[in-house]
Structure formats: C-alpha cells, structure tokens
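Notes follow the structure.
Quick note: the coordinates plus some simple rules give every number you see, no bench work behind them. What you see is a predicted model; the values in this text were computed from it and never measured. Positions of Cβ are generated from backbone atoms using ideal geometry, with glycine treated the same way; all protein chains shown enter the neighbour counts.
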Amino acid sequence: KQAGAVALVTLMSDTELQENGVGELGVAARQYGLEWYQLPIEDDQAPDQTFEARLGEIRHQLDDLLASNKALAIHCKGGSGRTGLFAARLLIESGMPRREAIAWVQELRPRAIQKPAHINYINQFGED
C-alpha cells in the first residue's frame with residue numbers, strides 16, 4: 001500500500017499461505033484497503049486450468065485497474081518465479097513484445113522465467 005498499490009495478487013495456494021504463517025493475508029490486505037486476488041500457481045510449475053479459470057473470472061477487474069494506471073502488487077513465496085511469470089504475461093497481454101517483457105522482468109528479477117515450465121508457458125503469449 002505504501003508503494004502505491006491498490007490491489008494485491010497472491011500466486012500462492014491457501015495451503016502454502018498457511019505453511020508460511022500468512023493464512024490470513026487476504027483479510028489483512030482488505031483491512032489495509034487493498035483489493036485481494038488469489039491466483040494459485042504451484043511452485044516451479046506453469047499455471048494450470050484452475051488458474052486460467054480463476055483469472056478469467058477476475059480478468060476484467062485487473063484490466064480495469066491497469067488501464068487506469070493503478071499499481072498491482074504481485075507476489076509468490078520468493079518473488080521471482082511465479083511473480084515474474086505473471087508479470088510478464090500481463091505485460092505481453094498489454095501489448096509489449098514477449099522478448100521485451102521477459103527482459104524487463106528479468107532486469108528486476110534475474111531469476112524469473114528460468115524454469116522450463118515457465119519458459120514453455122510464457123512462449124504461448126504474444127510475439128517476439
């Protein structure tokens with residue numbers, strides 16, 4: 001919130017949140033005035049059908065926030081793998097060429113988009 005975010009996108013499952021002692025993250029985010037969206041992706045894996053379905057349910061809300069230049073905070077456990085993957089997808093879908101989006105994300109998070117599952121997944125989107 002202090003960094004200007006109006007929404008928090010969590011890429012961890014309920015189980016993973018509990019295991020890391022932040023099971024009430026969604027409640028806390030809302031108490032601080034943030035919109036909270038949970039889109040679980042299994043660590044080191046590509047998003048699955050459940051992720052895609054959930055993203056479809058909230059996509060218009062995320063698009064509206066981004067279109068009005070609102071900041072989203074995106075996180076997973078380590079802040080690189082899943083976070084970088086989703087950030088790159090959003091950038092590509094907003095019109096940035098895929099290579100540029102990946103390079104931009106990796107400049108901020110050098111360990112992002114390194115896993116074969118992540119590389120294969122992101123290559124489905126946009127053009128180089």
Fill in: Rounded to whole Hz, the Karplus (6.51, -1.76, 1.60) HN-Hα couplings of the stretch 103-120, x for glycine and proline
4, 5, 5, 5, 5, 7, 9, x, 8, 6, 6, 10, 6, x, 4, 6, 4, 4
Response to the item:
The answer for GluC sites (Glu not before Pro) in the stretch 1-67 that fall in a DSSP coil and have at most 14 neighbouring Cβ atoms within 10 Å is Glu24
Worksheet item: Taking θ as phi - 60°, what are the ³J(HN,Hα) couplings along the stretch 21-26 by the Karplus curve (6.51, -1.76, 1.60), each to the nearest whole Hz, with x for Gly and Pro?
Response: x, 10, x, 9, 4, x
Fill in: For Ile74, residues with placed amide H under 5 Å, excluding near neighbours
Val9
Item to complete: Grab the DSSP H runs of the chain that are 4 residues or longer, score each as -39,500 (n - 2.57), total them, divide by all residues and round the 222 nm result to the nearest 500 deg cm²/dmol.
Response: -14500 deg cm²/dmol
Response to the item:
Rounded to the nearest 0.05, FRET efficiency between Val27 and Glu57 (Cβ-Cβ, R0 25 Å) equals 0.80
Worksheet item: So, in Å, what gap is there between the alpha-carbon centers of the stretch 80-115 and the stretch 18-67?
Response: 17
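Relative contact order (percent) for the stretch 1-74, with alpha-carbon contacts under 8 angstrom and 6 or more residues of separation?
Working: 79 pairs, mean separation 32.5, N = 74.
It comes to 44 percent, rounded to a whole number.
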Worksheet, complete the sentence: GNM of the chain, Cα pairs under 10 angstrom: of Gln31, Gln114, Gln45, the biggest fluctuation goes to Gln31
Worksheet item: Between Ala117 and Gln2, how many nm apart are label points set 7 Å from Cα along the C-beta direction?
Response: 3.4
Worksheet item: What longest region of the chain stays clear of chymotrypsin sites (Phe, Trp or Tyr not before Pro) that DSSP places outside H, G, I, E and B and that have at most 15 other Cβ atoms within 10 Å?
Response: 33-124
Worksheet, complete the sentence: Helix 49-67 sits off the longest principal axis of the Cα atoms of the chain, rounded to the nearest 10 on a 0 to 90 degree scale, by 90
Worksheet item: When the chain is modelled as a GNM with alpha-carbon springs shorter than 10 Å, which of Ala53, Ala73, Ala87 fluctuates the most?
Response: Ala53
